[in-house]
Amino acid sequence: MPIVTAAPESIARAARLLRDGQLVAFPTETVYGLGADASNGEAVARIYEAKGRPRFNPLIAHVADLAAAKRIAVLEGRALLLAEAFWPGPLTLVLPRRSDGGVCDLATAGLDTVGVRIPDHPVALALLSATGRPVAAPSANRSGHVSPTTAHHVEADLGSAPAMILDGGPCRHGLESTILDASGEKIVILRAGAITADAIEACLGEAILRCHTSMAGSRPSSPGQLASHYAPKATMRLEVVLPEPDEALLAFGPAVPSHHGPVVNLSATGDLVEAAANLFAALRQLDTMSAARIAVMPIPGHGLGVAINDRLQRAAAPRPAEDRLPCD
Ligand code: TXA
Ligand code: MG
């Protein structure tokens, strides 16, 4: 039974589990989150596995204080004003990501931005302080289900996938955080939430853009799909058994065909968790090798392989319209 009442001792244990690369569900003022050490790619991959998410959406990095936020992201100007006004609280700021900030590529889905938030919940804050690392956490539900607002909802959806579910009672808001893209010239609302656009405009003294997700035909629950995704510069060929001599090879598993060009293996043992953790770094690495074409070996289509193949297919295809931000 992974549900444990939140108390100093159980919070300390939960922090140790997170630092060991395990998943911990915890309460916030909005909904329960399914947390993993954001610096640990394999731990983050297990979030996707546990949720059964068919694609890699960027995750929110939760931190305990402003100093920790500034270590992972560039937080200045109007974004800092918003952070000081609304944190701790139900506001997620999408900010330029610091490359040395310790948030792994999989947690941001390879983007150069990172969503950051300081939750306003004593249990979450105590857990984040004790962990001492940013914690990547989507809502703690199976993909496609509603967000959980009690520990029992989490257990009903995820069973024993989290090593612990910290029970801090029902969530106050029951609605996810407002997401603001503050990484560019204009401030854009990507997801409406507990903090209103009016409150944000009153704080800034200027109008912000509301992103009408319907314009892109995308579901509003997935604003990350509207962000520009990382795509390699090289063209990609999938399900390749025999790479051509001028191609770089993105390999998977122990049986790699002999190849004279560059080879990057997502997982030499054929482990999908390791492959997911390595995916975005591998795509970047192949790009720096300046190969014009990348051949990708077949990746199994089960478990995390679904999200890996989704990402590879979208990298291989021409950019679909919904990958562009529809509101500017
Ligand atoms: O209230 C909340 O925000 C809860 C609690 C646990 O903090 N978390 C939550 O996470 O709702 P999730 O993963 O269910 O939704 C976060 C959304 C995703 O749709 C994702 O695409 C978007 O935030 N997001 C995160 N980082 C982003 C980025 N760098 N750029 C654009 N969108 C981003
Ligand atoms: Mg969610």
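Under 1.5 on a/c is rounded, so check that first for segment 66-164, then, if it is not, pick prolate when a/b is larger than b/c and oblate when it is not; a ≥ b ≥ c are the square roots of the alpha carbon gyration tensor eigenvalues.
prolate
Taking the highest mean first, how do the peptides 31-43, 148-160, 292-304 order by number of other beta carbon atoms within 10 angstrom per residue? Write out the running numbers ahead of the final one.
Numbers: 31-43: 26.2, 148-160: 19.8, 292-304: 18.0.
With the highest mean Cβ count within 10 Å placed first, the list reads 31-43, 148-160, 292-304.
Could the peptides 134-142, 50-58 be put in order, highest first, of the mean number of other beta-carbon atoms found within 10 Å of their residues?
By packing density, highest mean first, the sequence is 134-142, 50-58.
Lys233 versus His260, label points 7 Å from Cα toward the beta carbon: distance in nm?
Once both label points are built, they end up 2.4 nm from each other.
Could you look at segment 1-119 and say what percent of its accessible area is carbon and sulfur, using a 1.4 Å probe and all protein chains?
Numbers: 2000 of 4020 Å².
Carbon and sulfur atoms account for 50 percent of the accessible area of segment 1-119.
Could you please tell me the mean projected area of the C-alpha convex hull for the chain, averaged over all directions and given in square nanometres to one decimal?
That works out to 16.0 nm².
Determine the distance separating the Cα centre of segment 31-100 from the Cα centre of segment 108-140; give it in Å without decimals.
Going from one Cα centre to the other spans 5 Å.
How charged is the neighbourhood of Leu95? Take every other residue with its Cβ under 13 Å from the Cβ of Leu95, and add Lys/Arg as +1 and Asp/Glu as -1.
Spelling it out: positives minus negatives among the neighbours equals +3.
May I ask for the Kirkwood hydrodynamic radius of segment 125-184, worked out over all distinct Cα pairs and given in angstroms to one decimal?
13.4
Diagonalise the Cα gyration tensor of segment 254-320 and give the resulting equivalent ellipsoid semi-axes, square root of 5 times each eigenvalue, largest first, whole Å.
18, 17, 11
Jot down the radius of gyration and Dmax of segment 1-117, Cα atoms only, both in angstrom.
Rg then Dmax for segment 1-117, in Å: 14.4, 46.
Rounded to the nearest 5, what is the percent of antiparallel bridges among the DSSP beta bridges in segment 59-155?
Once the DSSP bridges in segment 59-155 are tallied, antiparallel ones form about 70 percent.
Over segment 1-133, what relative contact order in percent results from Cα pairs under 8 Å that are six or more residues apart? If you can, show how the numbers build up before the last one.
Values: 217 pairs, mean separation 43.2, N = 133.
Relative CO of segment 1-133 lands at 32 percent.
Per residue, how much accessible area does the chain show when a 1.4 Å probe rolls over the protein heavy atoms, in square angstrom?
41
Can you return the aspartates and glutamates within cross-link range of Lys70? Criterion is Cα-Cα under 13 Å, with same-chain partners fewer than 8 residues away left out.
Glu84, Asp100
Percent of accessible area on segment 270-317 owned by carbon and sulfur, 1.4 Å probe?
54
With contacts defined as alpha carbon pairs under 8 Å and 6 or more residues apart, what's the relative contact order of the chain in percent?
It rounds to 22 percent for the chain.
Among DSSP beta bridges lying fully in the chain, give the percent that are antiparallel, nearest 5. Each step should come with its number before you reach the end.
Numbers: 16 of 39 bridges.
Antiparallel: roughly 40 percent of the beta bridges in the chain.
I'd like to know which of Leu304, Val123, Val94 lies farthest towards the positive end of the charge dipole of the chain, counting +1 on Cβ of Lys and Arg and -1 on Cβ of Asp and Glu.
Value: Leu304.
Would you mind counting up the charge near Gly301? Only other residues with Cβ under 11 Å from its Cβ, with Lys and Arg at +1 and Asp and Glu at -1.
-2
In whole angstrom, how long is each semi-axis of the equivalent ellipsoid of segment 92-134, when you take the square root of 5 times every eigenvalue of its Cα gyration tensor and sort them from largest down?
Equivalent ellipsoid of segment 92-134: 22, 12, 8 Å, largest first.
What is the ratio of the Cα radius of gyration of segment 237-279 to 2.2 N^0.38 Å, where N is its residue count, to two decimals? Present the calculation step by step, with values, prior to reporting the outcome.
Details: Rg = 10.2 Å, N = 43, 2.2 N^0.38 = 9.2 Å.
The reported ratio for this selection is 1.12.
The values are calculated or read from the model by the stated rules, or taken from the named source; none is laboratory data. Computed from a predicted model, the values in this text were never measured in an experiment. Because the Cβ atoms are built from the backbone with ideal geometry, glycine has one as well, and the counts that use them run over all protein chains shown. Remember, those area values only see protein heavy atoms, side chains included, never the ligands or the DNA or RNA. Shrake-Rupley method; radii C 1.70, N 1.55, O 1.52, S 1.80 Å.
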